[in-house]
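I have placed the structure first, in the form of structure tokens, so that the comments after it can refer back to it.
The values are calculated or read from the model by the stated rules, or taken from the named source; none is laboratory data. Since the structure is predicted, the reported quantities are computational estimates derived from the model, not experimental observations. Glycine also receives a Cβ, built like all others from the backbone with ideal geometry; neighbour counts cover every protein chain displayed.
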Amino acid sequence: ERALELGLREGIGALWQSAPARILAAMPERVLVPSIAGALAWWHALSSGSGPRMDTTLPHLKSQPWTQARLGVDPSVPPAVYAPDGSPRLRYGSIHSSVAYGSGCFSTPLPTGAELPAHALVLTGKLPGGETRCMLAQFEYKGYAAAVDRDLTLEAVDEGLYFAAKHCMLGVDPTSDAEAVLKMGATLDAPGRWDPLRVRRLQRLAASVTTCGDPAIWPVFERILREVRPLDLGRPVVEQAYDSMYDASQGDVRAFMARLLNEGTPADSGVALHLIRRARDPQYLDLLEARLAATTDAAHRGALRRTLTFIYSGAVGIEPARHEAFVARYVAWLEEASATRFVTLASGLLDFGDAGTRAFVKGLGGPKRTLYVRAWPRDRGHVEPDVAEAALAPLDRSTAPAELNHMLGLAWGTFPVSAGPALEALRRRLPKARQAPVVAAQTRVLHRAPRHGDG
């Protein structure tokens, strides 16, 4: 104990800050024995009134999330100057006393209204003292845990305390599914907005669950799917909850997704469609088709169509007749679209296998050939031989030079080796004076390395 006291009072730099880790080194796994807890509590109290003799620079302090919001940005403002609303206007490199790490009887607040140099937070032991306070809270020492819980409610009052408590909330992983469910519920119930720390906490708890089929766990997973917003922030934990439910019972999770899609808010529907696209499960097709038939909202109709397209273009196990019928519907949707949308969407036909290829070939020979050529898939690798042949078929000696050169440019980049005969047939249809560009394209195509899937 005497050595520890000397280390804290006389140590410098990393040695001083490593005291908590050194104390915990003797700790049995997941058990904080009273003597060690006492040493940590004593160190916490001592560190609040002492500090290491170390060189702490401002950039290091600025990287701490609980001080970023309190650091001043105006070097021309002298200390202790307040704005008209009474809030402090802090000089760059200074910090207000409200950043005192901890609340209630487990903190040592700075003098009310004081303004200190930026490095004072570390040099007075607030930061390392707070880390020890968090360690004790994670091991359920009630006074310390209560102080952290209270700080979680102070987002509007003091962001420094709030973010410090959020870091502490990441905590120790639960030892049982029941404990994980309780902590997930508490995290969902916590006041304030969703932020990355809160989502990360929930994700860690969800990952610790080992028996996803337990009915007691489903309600909290359903809450995650319904409540974690926005999706851009909560996507990892929402996907994790869905996977856990899907692995446990595919039928039940599909029923829940139907409720989320049909009865939920627009945000709920967006989450449901994201998860359905991610699953790419043909079992959702009937649900999507029924919802598409019932909706009158144009934006929702577009989202449903995109989801159906994604499933039909890549899912395994769809009946051939149903797949063919959807390709015909996709072509009908193209006919309804503006020219710009048509050009954007038409190459999607080539994602539907043979049925889509036949539809694209038919389009190249129809009245909207110009739009199909504009929609040519330049970034998809080599097209099918039938598509290459259909693209060249109408070209002859009457074709304008610009159109011929454009099609040969497409051949140069996207025709497979097996399109050689179609290029040779085109060459023969042209007068000798116009054959040189075709010969160059033939040479390029016939001497390129074949790719997987070339006919």
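Is it the case, given these coordinates, that ALA355 is surrounded by fewer than 20 Cβ atoms within 10 Å (Cβ to Cβ), without any contact (Cβ under 8 Å) to a residue 40 or more places away in the chain and part of a helix (DSSP H, G or I)? The answer is yes for ALA355. Among all residues of segment 376-383, there is none that is assigned to a helix (DSSP H, G or I) and not aromatic (Phe, Trp, Tyr). Among the residues making up segment 330-340, those that are surrounded by 13 or more Cβ atoms within 10 Å (Cβ to Cβ) and assigned to a helix (DSSP H, G or I) are TYR330, VAL331, TRP333, LEU334.
Would you say ASP247 is among the charged types (D, E, K, R) and either outside any helix (DSSP H, G or I) or free of Cβ contacts under 8 Å to residues at least 24 places away in the same chain (or both)? Considered against the rule, which asks whether it is among the charged types (D, E, K, R) and either outside any helix (DSSP H, G or I) or free of Cβ contacts under 8 Å to residues at least 24 places away in the same chain (or both), ASP247 comes out as no.
For segment 262-272, the set of residues classified as over 16 Å from ALA241 (Cβ atoms) and surrounded by 20 or more Cβ atoms within 10 Å (Cβ to Cβ) consists of SER269 only. Can you give me the number of residues within segment 252-261 that are over 21 Å from ALA293 (Cβ atoms) and either among the hydroxyl-bearing types (Ser, Thr, Tyr) or surrounded by fewer than 18 Cβ atoms within 10 Å (Cβ to Cβ) (or both)? The number of residues fulfilling the criteria is 1. Without any contact (Cβ under 8 Å) to a residue 24 or more places away in the chain, part of a helix (DSSP H, G or I) and surrounded by 15 or more Cβ atoms within 10 Å (Cβ to Cβ), is that true of ARG427? Criteria met by ARG427. Within segment 304-329, being part of a helix (DSSP H, G or I), out of contact with any Asp or Glu (no Cβ under 9 Å at 6 or more places or on another chain) and among the aliphatic types (A, V, I, L, M) holds for ALA321, ALA325, VAL327, ALA328. Among the residues of segment 210-239, what is the count of those that are over 18 Å from GLY270 (Cβ atoms) and surrounded by fewer than 21 Cβ atoms within 10 Å (Cβ to Cβ)? Residues in segment 210-239 being over 18 Å from GLY270 (Cβ atoms) and surrounded by fewer than 21 Cβ atoms within 10 Å (Cβ to Cβ): 9 in total.
With respect to the conditions (1) modelled with pLDDT of 90 or more; (2) closer than 22 Å to VAL316 by Cβ; (3) not acidic (Asp, Glu), GLY251 falls short on a single one, namely (1). Residues in segment 198-226 that are among the β-branched types (Val, Ile, Thr) and part of a helix (DSSP H, G or I): VAL199, VAL220, ILE224. Scanning segment 162-214 for residues that are in contact with a Ser or Thr (Cβ under 6 Å, 6 or more places away or on another chain), over 23 Å from ASP252 (Cβ atoms) and either modelled with pLDDT under 70 or of a type in the set (A, V, I, L, M, F, W, C) (or both) yields a single hit, ASP173. State yes or no: is THR357 under 38 Å from the mean Cα position of the chain (by Cα), modelled with pLDDT of 95 or more and closer than 29 Å to VAL331 by Cα? Criteria met by THR357.
Within the set ALA299, ALA267, the sole residue that is of a type in the set (A, V, I, L, M), part of a helix (DSSP H, G or I) and without any contact (Cβ under 8 Å) to a residue 12 or more places away in the chain turns out to be ALA299. Taken together, the criteria exclude PRO394 from residues that are surrounded by 13 or more Cβ atoms within 10 Å (Cβ to Cβ), under 25 Å from PRO320 (Cα atoms) and not polar (S, T, N, Q). Residues being surrounded by fewer than 16 Cβ atoms within 10 Å (Cβ to Cβ) and closer than 27 Å to THR370 by Cα are represented in segment 303-318 by at least one member.
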